[in-house]
């Protein structure tokens, strides 16, 4: 059910009492939606413990100061890492698991928009790794730590509800790469992976969120500062501010509206959700059913595990 921004703010205002402690990991938290959400969450929880993973140590140090300014009673840490390398993802996860026994929230927002392919040593486009494989590696590694928490949640900020038809022999975008495929494939693969994961790990709630058009630095990074500024100005009437996006995502990250399969009172609940920023169900039911009938949830997860083995072995 969709909510208003006022309702999101009202919910967030209750968290200091309703949920006084929360441990969260933000991957991609040094800029954009991850950054604004981490700062808002820090100010909303009485005693938060928040870890930020990102490449930019200068931006990371700044966000730690902003979280302290929002709430000096929290514990905040930066983990510098380039998570386009899955082996470095493993290192980050091993380090976190040595410090954290139970993880309440895993918030994933790495990657951006690209118009051309940039292959990594793993022979996969770097943005495809950031938007899908790296995120799923964090989920895969941290599932035991999530399952140790009460009502744990995984939130992936991408394009829930914007899935496309995909081909089994192009999941790594080696056969065909295009602007459309580079956006549609990680979207479809995320929703299908969450289908499998929610079934296999019923105590965890999985959210795949389309955040709307948010006024982040992403456009400038993608098409250059001049053109990006122009596009940003033209899109302003339909854009969501960074601060408001932080409000929306804090609500989605903590709301009881999206229980895990185990915690739901609805016997038909599946434990994963495709949502717009306001919490409205964005599921493309016809397409998802078609992909399920073709066995794609299992196909995608099998491919994902095989890719992990190939890169991380």
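At-a-glance table
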item: Residue tally, condition closer than 26 Å to residue 32 by Cβ, touching a helix residue (DSSP H, G or I) at 6+ places or on another chain (Cβ under 8 Å) and assigned to a loop (DSSP other than H, G, I, E, B), over the stretch 250-269; result: 2
item: Qualifying residue in the stretch 13-30 (condition: modelled with pLDDT under 95, in contact with a strand residue (DSSP E or B) (Cβ under 6 Å, 6 or more places away or on another chain) and surrounded by 22 or more Cβ atoms within 10 Å (Cβ to Cβ)); result: yes
item: Evaluation of residue 269 against (1) modelled with pLDDT of 95 or more; (2) surrounded by 13 or more Cβ atoms within 10 Å (Cβ to Cβ); (3) closer than 27 Å to residue 141 by Cβ (one fails), failing number; result: (1)
item: Qualifying residue in the stretch 155-164 (condition: surrounded by fewer than 24 Cβ atoms within 10 Å (Cβ to Cβ), at positive phi and over 15 Å from the mean Cα position of the chain (by Cα)); result: no
item: Any chance residue 284 is farther than 28 Å from residue 103 by Cβ and at pLDDT 95 or above; result: yes
item: Output for the stretch 172-206, where each listed residue is surrounded by fewer than 23 Cβ atoms within 10 Å (Cβ to Cβ) and outside any helix (DSSP H, G or I); result: 172, 173, 174, 175, 176, 177, 178, 201, 202, 203
item: Single residue of the stretch 93-144 satisfying the filter (under 16 Å from residue 185 (Cβ atoms) and free of Cβ contacts under 8 Å to residues at least 24 places away in the same chain) that is surrounded by the most Cβ atoms within 10 Å (Cβ to Cβ); result: 119
item: Residue within the stretch 214-233 that is part of a helix (DSSP H, G or I), at pLDDT 95 or above and surrounded by 13 or more Cβ atoms within 10 Å (Cβ to Cβ) present; result: no
item: Pair list, Cβ under 6 Å, 6 or more apart: the stretch 251-262 residue at pLDDT 95 or above, other residue surrounded by 22 or more Cβ atoms within 10 Å (Cβ to Cβ) and assigned to a loop (DSSP other than H, G, I, E, B); result: 260/204; 260/271; 261/271
item: Hey, residue 162 modelled with pLDDT under 95, closer than 21 Å to residue 300 by Cβ, in contact with a helix residue (DSSP H, G or I) (Cβ under 9 Å, 6 or more places away or on another chain) and not in a strand (DSSP E or B) or not; result: no
item: Residue 274 being within 30 Å of residue 241 (Cβ to Cβ), touching a residue at least 40 places away in the same chain (Cβ under 8 Å) and either in contact with a helix residue (DSSP H, G or I) (Cβ under 9 Å, 6 or more places away or on another chain) or not in a helix (DSSP H, G or I) (or both); result: yes
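The values are calculated or read from the model by the stated rules, or taken from the named source; none is laboratory data. All of these numbers come straight from a predicted model, not from anything done at the bench. Every residue, glycine among them, receives a Cβ derived from its backbone with ideal geometry; neighbour counts consider all protein chains shown.
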